[in-house]
Ligand SMILES: [Zn+2]
Ligand SMILES: [Zn+2]
């Protein structure tokens, strides 16, 4: 087994070289195409900023919730 983040052989858990969990959730960096931990904001290889999927999903869910609330309020006012 090789550490997916620093590419050291038989790293152990946590990795003896980079101190990361080699089984942690990871993604491919868009800039350097290497594996970087999902939990880290920047790529562990090139330092490129990583855009987590959750970061735009949460505001989208909030906006949808607020919109649904406003629509139901407006509907309730007009139905009176
Ligand atoms: Zn490592
Ligand atoms: Zn990178």
Original post:
Any idea how many residues of region 15-40 are within 10 Å of ligand 2 (Cβ to nearest atom), part of a loop (DSSP other than H, G, I, E, B) and touching a strand residue (DSSP E or B) at 6+ places or on another chain (Cβ under 8 Å)?
Top reply: 2
Original post:
Of the conditions (1) part of a helix (DSSP H, G or I); (2) surrounded by 10 or more Cβ atoms within 10 Å (Cβ to Cβ), residue 75 fails just one. Which one is it?
Top reply: (2)
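One residue is enough: does region 55-68 have a residue meeting the conditions at pLDDT below 90 and part of a loop (DSSP other than H, G, I, E, B)?
Within region 55-68, the subset at pLDDT below 90 is 55-59.
Next, from what is left, pick out any that are part of a loop (DSSP other than H, G, I, E, B): none.
No.
The values are calculated or read from the model by the stated rules, or taken from the named source; none is laboratory data. All values reported here derive from a predicted model rather than from experimental measurement. Don't worry about glycine lacking a Cβ; one is built from the backbone with ideal geometry, like all the others, and counts go over all protein chains shown.
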